Amino acid sequence: MKPRFQPSSSSMSPYLFFTGKGGVGKTSTACATALALADEGKKVLIVSTDPASNLQDVFDQEIGYGATSIIGITGLDAINLDPEEAASAYREKVVGPFRDKLPGVVVAQMEEQLSGACTVEIAAFDEFASILTNTDRTKEYDHIIFDTAPTGHTLRLLQLPSAWSEFLEDSTHGASCLGPLSGLAEKKELYAKAVNALANAAETKLILVSRPDESALLEASKAAKELKEVGLENQLLIINGLLQQYEQTDSIATALYKRQQQALEQMPDQLKTMHGYILPYVPYQLTGIEALRAFSKQDRMEQEEQLSTQAASTLPSLKKVVEKLGTKRKGLVLTMGKGGVGKTTVAASVAVGLAELGHSVHLTTTDPAEHLSYVLAETKANANLTVSQINPKKEVEAYTEEVLQKAKESLDENGLAYLEEDLRSPCTEEIAVFRAFANVVDQAEDSFVVIDTAPTGHTLLLLDAAQSYHKEIERSTKEVPEAVTKLLPRLRNRDETDVIIVTLPEATPVHEATRLEEDLSRAKIKPSWWVINQCFSATKTSDPILTSRARAEQKWIHFVTNQHEQGTAVIPWQANKLIGYEQ
């Protein structure tokens, strides 16, 4: 058992970078650390580079771009950087000079290339590099804590010598991050200083935060590997939200405890050997100074009267969603959401449910086939249901090979090296999987097709813009297959397509799902349903900790339902991983 994380100025370096998958609690952990150090009398600055930062929610006060003193805590300042705003400035810097020189469709394509996650990622790095290397802003602090550190992928991009060549200015080779970097070339020296500071173990610790569940641990392992590849060995691991005490007669609490223990036993080897700590699963939301202080000092906390659990009990179940979808004769159903929210399971349950209603259904997923086979073995509707699997690894390999082969005709060695690095980004997988996605969608002419790996609005608009671009310059139509040509109009037609956004009843997953909805809105695609998954408030748990957490969920259930009154459903937290639509 790893020890409990108890930050102190004697064990913490001047710079601390908290990173991890969305929803693992890195912001609350970073805030609790900042508070603990400030309570020791240290001068502390905490900086968030998350586009959906909730520093203001955690400290319960407005926090802006400038250093803001946290009320009630001597010595603690906070800054909320806005990478979305920074990304917007980059877009204008790159696109602006071409507005009067290129056709409108080409300018639209450039803007869309600069609208994705990679642009925000690079912009976030630019923002915190500016603070990290500006001693006038930081010299008064003993500790500077960054919530959301750069990924290994970002750092490799910025380290590549060819990143600063003219190649960046003109690249339109179909990769995902080249455009975003084209406005940053003049900051080479700034980034070199920032990367050196990150690699200095005497000055910096990189803290990977994970939940004790399989997907979050795999994400943490991937981040650890990426950071080590760029020379950042100064890492430690925090397992956040470990259930240590539970009511053994409660089936929900017992199942959660066993699931967490199994995930820890099966965690990747490199995490097992990493220096690390645990933080307990607590019965309250980590917002507000009182909660943070109780968390860091292991005190009991008297909770305020919370909203009742009525909100969850009055919302439709997944069964109602399936019955509504089943009133159609055919259609396309997409489940969307960030990793770890359960969209694959929701997709499988919807497919099983539609098949049980007598519809012909085809289910496609990136989930391991073994998982789906187990789900389908429990249903009586196998005859109506067919399944295929999109293998992201194979799709990425094929896409990468295709792009590199084309690029060899025009790029030198440095240019190809840069392009290869760019093609390792998560955005590449999204685009590569899209091609398989388009082919599957084409099968929805006379049946239901359910897909759990839908492209984001950004990808759809990028390809739509590219399609227009290809038409404009009369390139070969072979680069725009018919399945792609028909795709976007079909996705925008709510008579043909239902998009289900899946989230959890917690702050970060809800904020991320909201951003996803905004992304889709830009592509003129409107979701039919929001599904709030893994709700303790929809179970009959009597465990004291889980009952308190169920009450804390109400804030986020109300937040979602207030914006989507006509289409919000709830799925209870499941003792078993695999569910049927009846649940």
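Numbers for the structure displayed
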read-out: Modelled FRET efficiency - R0 30 Å, ASN196 with PHE98, Cβ distances, 0.05 increments; value: 0.30
read-out: Rounded to the nearest 10 Å², the accessible area of SER542 at probe 1.4 Å; value: 70 Å²
read-out: Separation of the GLU140 and LYS2 label points, Cα + 7 Å toward Cβ, nm; value: 3.5 nm
read-out: Label-point separation, THR314 to GLU40 (7 Å along Cα→Cβ), nm; value: 4.8 nm
read-out: Magnitude of the charge dipole, segment 494-535, Cβ model with Lys/Arg +1 and Asp/Glu -1, debye to 20; value: 120 debye
read-out: Filtered GluC sites (Glu not before Pro), segment 1-85: DSSP coil and at most 12 other beta carbons within 10 Å; value: GLU62
read-out: Segments 124-131, 434-441 sorted - mean Cβ within 10 Å per residue, highest first; value: 124-131, 434-441
read-out: Rough spin-label spacing in nm, given labels placed 7 Å along Cα→Cβ, for GLN245 and LYS324; value: 4.2 nm
read-out: Segment 204-275: GluC sites (Glu not before Pro) falling in loop per DSSP and having at most 13 other Cβ within 10 Å; value: GLU233
read-out: Segment 28-83: Cα Rg divided by the 2.2 N^0.38 Å rule of thumb; value: 1.02
read-out: Ranked packing of 22-30, 391-399, most packed first, by mean Cβ within 10 Å; value: 22-30, 391-399
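The values are calculated or read from the model by the stated rules, or taken from the named source; none is laboratory data. Keep in mind that what you see is a predicted model, and the values were worked out from it rather than measured. Cβ sites come from the backbone with ideal geometry, for glycine too, and all protein chains shown count toward neighbours. Side chains are part of the model used for accessible areas, which takes the heavy atoms of the whole protein and leaves out ligands, DNA and RNA. Shrake-Rupley method; radii C 1.70, N 1.55, O 1.52, S 1.80 Å.
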